[in-house]
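Contents: one structure, followed by commentary.
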Amino acid sequence: MAPKVLISDKLSPAAVQIFKDRGLDVDFLPDLGKDKEKLAEVIGQYDGLAIRSATKVTEKIIARADRLKVIGRAGIGVDNVDIPAATAKGIIVMNTPFGNAITTAEHAIAMMFSVARQIPAADASTQGGKWEKSKFMGVEITAKTLGLIGCGNIGSIVAERAIGLRMKVVAYDPFLSAERARDLGIEKVELDELLRRADFITLHTPLTDKTRNILSEEAISRARKGVYIINCARGGLVDEAALRAALDSGHVAGAAFDVFVDEPAKENVLFGAPNLVCTPHLGAATQEAQENVALQVAEQISDYLMSGGVTNALNMPSISSEEAPKLTPFVRLAEQLGSFAGQLTETAISGIRIEYEGHVAEMNTKALTAAVLTGVLTPLLQSVNMVSAPSLARERDIHVEEVHRSQQGAYETYIRLTILTERQSRSVAGTIFADGTPRIIQVKGIDMEAALGPHMLYITNEDKPGFIGKFGSILGDAGVNIATFSLGRNEPGGDAIALIEVDGEVPAETVEQLVALPLVKQVKPLKF
Ligand SMILES: NC(=O)c1ccc[n+]([C@@H]2O[C@H](COP(=O)([O-])OP(=O)(O)OC[C@H]3O[C@@H](n4cnc5c(N)ncnc54)[C@H](O)[C@@H]3O)[C@@H](O)[C@H]2O)c1
Ligand SMILES: O=C(O)CC[C@@H](O)C(=O)O
């Protein structure tokens with residue numbers, strides 16, 4: 001059955017065609033996202049969800065999304081998606097970080113001109129039959145200083161445009177490197193200095209605990225008298241009540257806002273303030289940007305659902321569509337190693353060490369580590385996948401260490417997993433054979449070679465004669481057929497390990513009989 005995708009917001013219809021061309025079933029219900037109850041009712045039917053900002057993907061919606069594997073936001077901000085809830089349920093959340101950046105930067109520049117020359121008010125007055133030439137005295141932007149708060153995708157495009165307009169640009173962004181600032185031709189400064197120097201301030205950060213009210217009452221009071229403030233990023237970056245007071249007093253000469261604390265903003269403390277220009281979250285609203293983000297999100301969702309490629313995910317490492325087929329056997333191996341070790345682990349795990357040797361060390365090991373963790377945690381927790389496993393491991397204070405090295409031993413490439421608990425450390429290693437299938441090649445330092453089937457028995461025993469005969473008779477009496485039998489030992493007469501594939505589940509009483517055999521130390525049925 002083809003994966004099924006729901007588009008629940010007003011996306012460009014071009015996205016629908018992409019989904020169809022890629023072989024997915026698609027329902028385009030652009031108003032559904034606003035109806036929370038209806039969305040909760042139907043979400044269980046879909047593998048993918050494509051949204052803009054009107055659909056709120058809350059914890060409640062996610063709880064009902066039993067088939068959902070991916071949420072794609074046609075746009076940048078994902079504040080309308082409960083990412084922790086999606087991650088916990090193993091749902092990938094993607095956005096399209098570049099598709100609307102130019103358009104939004106252009107909007108910020110347009111808003112700067114609008115407020116500098118009071119264009120909306122002058123337009124209303126002129127069309128109202130007044131001819132108020134002296135009322136609308138503006139300011140020139142040439143040679144003025146623009147202060148950017150946030151200089152990522154959009155901020156840096158705004159910087160380039162502003163330099164083209166002969167402005168001087170200073171930026172406050174703790175994550176902006178000195179080299180990048182130099183390349184952009186801007187000056188990196190602290191917030192205090194930006195407030196002191198900027199004639200215009202424009203915000204381009206996400207809304208986080210650190211950026212909420214970054215322009216607080218106190219910050220606004222430290223800004224230059226006569227400053228203009230532009231916000232085309234997110235409502236909540238500026239204290240709206242404080243800004244209103246500063247516009248009324250004239251400390252701030254003008255403000256241009258596209259985004260508000262509460263949206264849709266039908267009422268707002270800013271409305272009616274002197275020299276205020278507002279737009280209804282139009283930053284990304286151009287045909288070009290909407291086409292870009294719709295096409296990108298449709299491609300990304302299709303890639304993931306059809307071939308496992310992951311692009312622009314916020315809660316999972318990226319895997320390109322070309323890389324996905326090469327990675328798949330190693331993902332399977334990594335998950336099997338994890339599952340093997342996880343099923344044998346009975347006490348709390350404190351650490352996981354994953355050694356990647358040979359050419360696997362050059363692959364996307366973040367994804368492989370996520371697969372190992374999925375395998376380890378699946379026997380211990382309700383529902384785990386590659387998206388949720390890393391955060392579940394972190395929540396449980398499991399320290400995960402990755403080691404990468406070039407080929408050193410007989411195997412061209414292999415993965416070794418070591419699980420540390422308070423009682424012991426247990427390791428298991430595996431590789432991919434030429435036929436593309438995973439093989440276990442070492443358990444607890446003992447070499448062996450075993451493929452893992454759906455039902456396995458793992459046995460540790462003393463390497464003495466007599467074990468195999470008795471073992472075979474017990475399974476035979478229980479009607480359990482042996483499919484494969486792999487043995488390994490550290491030294492003659494020492495510790496031995498057997499991995500046996502059986503055609504079906506081994507009854508509990510048969511396991512007890514095996515445990516009671518004289519040379520046997522441990523018997524553990526495993527499922528893969
Ligand atoms: N109005 C719209 O329609 C519209 C359209 C697109 C994007 N946006 C919003 O614009 C904002 C910027 O988008 P982007 O694509 O440039 O994002 P981005 O991630 O590329 O850039 C954000 C920048 O903010 C910086 N930053 C983070 N915390 C900071 C802090 N405490 N102080 C200063 N800088 C900080 C980051 O280092 C980064 O450089 C986002 O909030 C996005 O949702 C709005
Ligand atoms: O979809 C939109 O119109 C808004 C998009 C914008 O806020 C974003 O974060 O990409």
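Derivation of every value follows stated rules applied to the coordinates shown; laboratory data play no part. These numbers come from a predicted model, not from an experiment. Note that we place each Cβ from the backbone using ideal geometry, even for glycine, and neighbour counts take in every protein chain shown.
Positive contributions from Lys and Arg (+1) and negative ones from Asp and Glu (-1), summed over other residues with Cβ under 15 Å from the Cβ of Val189, come out at +2. Count Lys and Arg as plus one, Asp and Glu as minus one, and take only other residues whose Cβ is under 14 Å from that of Ser216; the net charge is then -2.
Taking Lys133 as the anchor, which lysines have their alpha carbon closer than 26 Å to its alpha carbon, excluding any fewer than eight residues away along the same chain? Hits, sequence-local ones excluded: Lys144, Lys225.
Lys and Arg at +1, Asp and Glu at -1: add these up for the other residues within a Cβ distance under 11 Å of Asp173 and post the number. With Lys, Arg at +1 and Asp, Glu at -1, the neighbours total +1.
For Lys34, the lysines whose Cα falls under 28 Å of its own Cα, not counting residues fewer than eight places away in the same chain, are Lys4, Lys10, Lys20, Lys56, Lys60, Lys69, Lys89, Lys266.
Antiparallel beta bridges, as assigned by DSSP with both residues in the chain, represent about 50 percent of the total such bridges.
Long hydrophobic helices in the chain, taken as whole DSSP H segments with a C-alpha length of 30 Å or more on their own axis and mean Kyte-Doolittle hydropathy at least -0.5: 323-344.
In units of the compact-protein estimate 2.2 N^0.38 Å, region 452-528 shows a Cα radius of gyration of 1.01.
Taking a ≥ b ≥ c as the square roots of the eigenvalues of the Cα gyration tensor of the chain, is the shape rounded (a/c under 1.5), prolate (a/b larger than b/c) or oblate? Taking the square roots of the gyration eigenvalues as a ≥ b ≥ c, the chain is prolate. When you restrict to C-alpha pairs under 8 Å that are six or more residues apart and normalise by the size of region 101-278, the relative contact order lands at 21 percent.
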